Amino acid sequence: MAQWIDACSVDDVDEEDVIRFDHGDRTFIIVRDHEDNYYCTDGMCTHEDVHLADGLVVEATIECPKHSSIFDCTTGEVETPPACENLCTYPTKVEGDRVFVEI
Amino acid sequence: MTFRDYNLTGPANARAIASGLVTESWYRTPIDRKVMKALMKRSDHPATRDTIILVVLMIAFAVGAIVVMPSWWALPLWLAYGVLYGSAMDSRWHECGHGTAFKTRWKNTVVYHIACFCMIRDPYCWKYSHVRHHSDTIIVGRDPEVAIMRPVVVVKMILNLFGVLDTIDGVKRMVIHATGRMLDDEQDYVDPVFFPKTYRTARVWMMIYIVTGAAAITLQSWVPLLLIGLPRLYGCWHMVLVGWLQHGGLADNVLDHRLNCRTVYMNPISRFIYWNMNYHVEHHMFPLVPYYRLPELHEVCKFDFPAPNRSILDGYREMLPALWAQRKDPDFHLRRGLPTTAHPYHNGPLAEPQLS
Ligand code: FES
């Protein structure tokens, strides 16, 4: 059953940036957009096994470091090829200075 | 001598997978995230400036050539136009295909499609072909963009200096696509959702070429063909000359771009035409860094990379003897020393034990 997990501090992620967040045997990313909203999605690109945490965040999108597929972090939707599959997204909330994700 | 089968649909493909060469575990130089974030940052300015310069120069050379024809002065003007069409468009195809040239997405898309037309490269097939080139760089049986196959065949290289084989291949693919079919190798790397777009693109391009040919016949003039189509042949020499340096004479079937890519310092004109792809190790290791930040990336990575070649000539001095040797011995390749500050090479699963 999904539960809220304390993932990181709000300051662990710079504005328009991303960090990797591993939990159990799974890997996720925590993204902070240009308006200080936080998102959590799967950490691996859906095209090949590449960590999105090395990618580029522009507003609320993340671009894969390998072949530049862009994903919308709010929905997980893939916006540009070569990836065709969307990312799974997970609810996030900020309490105090902590970012929680429901996974 | 190890036989190399570059066919993507042949047994070498399965062999590469079985031997562990198809993997994400390529070596990457560790770079601080803040530094990398700054290096990846996009801007519209450099590519907009360069595109305006490119278009203005192309118009100026073409108009100048037409005006002075039939004088011999037209020749250098056509050659200059041809290089911008047949070589600069290759780098625009490349950078805009990566989506890194412009910050604004539609600008990348527009320039990408124009460049694809000039180079006779279907936008969707070549997007995926280049994706594969980055995933499996110079992995035999996997990489569709190996420019110099081994054993090296000199005649083939000379023909390609004038784009002969590539143009024949591009036209063949365009005609097949226009009839609603894909080639076997394309089916290995292109996502089928793009097949209909490929067919549509080929039909539009064929119409443009037919109209161009008809204009040449009607006007009894070479000008339409010198403007559209032929520059792919007479102007591609620069792309080919600098392109061979990217991987020529270096290792294949390895998992470290420092072993199979070459960085070469070049003159500013070549760098404008080539959009800084002379920083080729850097580009392969970090493809999200736009072309105008590659010199900065080069400085950051220097401690971990083999010394760059000092010039195009220096690159050829290193590469040509290796290519000559590869005519007879396809296993021969260069292995350049690393600075003492560098991390050791990551050879990959096929490394011979005595190699460090
Ligand atoms: S691995 Fe992410 S787009 Fe290819």
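Observations on the model:
- Using a Förster distance of 56 Å, the FRET efficiency for residue B:28-residue B:75 (Cβ separation, nearest 0.05): 0.75
- Summed over qualifying helices (DSSP H, 4 residues or more, each -39500 (n - 2.57)) and divided by its residue number, the protein assembly as shown shows a 222 nm mean residue ellipticity of -13000 deg cm²/dmol.
- Part-to-part distance (alpha-carbon centres) for segment B:190-215 and segment B:88-118, which is given in Å: 18
- Inter-chain shielding of B:163-172 (mean C-beta neighbours from other protein chains, 10 Å cut-off): 0
- Crossing angle, helix B:164-178 versus chain B [Cα axis fit, 0-90 degrees, rounded to tens]: 70
- Shape category assigned to segment A:45-89 from the gyration tensor of Cα positions, a/c cut at 1.5: rounded
- Comparing A:34, A:23, A:67 in a Gaussian network model of chain A where C-alpha atoms under 10 Å apart are linked, the largest mean-square fluctuation is found at A:23.
- When each of the peptides B:46-52, B:323-329 is scored by the mean number of other C-beta atoms lying within 10 Å of its residues, the order from highest to lowest reads B:46-52, B:323-329.
- Out of every Cα-Cα pair that segment B:201-356 contains, those further apart than 27 angstrom amount to 40 percent.
- Cα centroid separation - segment B:229-271 against segment A:3-65, whole Å: 35
- Taking the Cα atoms of segment A:4-102, the ratio Rg/Rh between the radius of gyration and the Kirkwood radius comes to 0.94.
- On Cα atoms only, tilt of B:195-219 relative to the major axis of chain B in degrees: 40
- Listed residues B:139, B:217, B:228, most fluctuating in chain B (Gaussian network, C-alpha, under 10 Å): B:217
- With protein chains left intact and a 1.4 Å probe, residues in segment B:1-49 average 55 Å² of accessible area per residue.
- Taking the inverse of the mean reciprocal distance over all distinct Cα pairs, the Kirkwood hydrodynamic radius of segment B:77-169 comes to 14.4 Å.
- Here's how it looks for residue A:7: its modeled amide H is under 5 Å from those of A:99, A:100, A:101, which are all 5 or more places away or on a different chain.
- Relative contact order for chain B, counting Cα pairs under 8 Å that sit 6 or more residues apart, in percent: 25
- Taking amide H as placed 1.01 Å from N in the peptide plane, the amide H of residue A:27 sits under 5 Å from that of A:43, each at least 5 places away or on another chain.
- Count of Lys pairs (Cα-Cα under 16 Å; at least 8 positions apart or interchain) in chain B: 4
- Scaled against 2.2 N^0.38 Å for its residue count N, the alpha carbon radius of gyration of segment B:11-326 is 1.01.
- Mean Cβ count within 10 Å, highest first, over the residues of peptides B:124-135, A:78-89: B:124-135, A:78-89
- Cβ-placed point charges (K, R +1; D, E -1), dipole of the protein assembly as shown about Cα centre in debye, nearest 20: 2260
- Kirkwood-based shape ratio for the protein assembly as shown, expressed as Rg/Rh from alpha carbons: 0.98
- Computed 3J(HN,Hα) for segment A:70-87, one whole-Hz value per residue from the Karplus formula 6.51 cos²θ - 1.76 cosθ + 1.60 where θ = phi - 60°, is 10, 10, 7, 6, 6, 10, x, 5, 7, 9, 9, x, x, 5, 10, 8, 6, 8, glycine and proline marked x.
- Angle between chain B longest axis and helix B:74-83 axis [Cα atoms, degrees, rounded to 10]: 40
- Among B:82, B:64, B:97, the largest mean-square fluctuation in a Gaussian network model of chain B, built with springs joining Cα atoms closer than 10 Å, belongs to B:64.
- Phi-derived couplings, Karplus 6.51 cos²θ - 1.76 cosθ + 1.60 at θ = phi - 60°, listed residue by residue for segment B:156-163: 4, 5, 5, 4, 6, 4, 10, x Hz, with x used for Gly and Pro.
- Only Cα pairs under 8 Å and 6+ residues apart enter the sum, and on that basis the relative contact order of segment B:249-310 stands at 34 percent.
The values are calculated or read from the model by the stated rules, or taken from the named source; none is laboratory data. All figures in this text were calculated on a predicted structure; none of them were measured in a lab. Cβ: placed from backbone, ideal geometry, glycine included. Neighbour counts: every protein chain shown. Remember, those area values only see protein heavy atoms, side chains included, never the ligands or the DNA or RNA. Shrake-Rupley method; radii C 1.70, N 1.55, O 1.52, S 1.80 Å.
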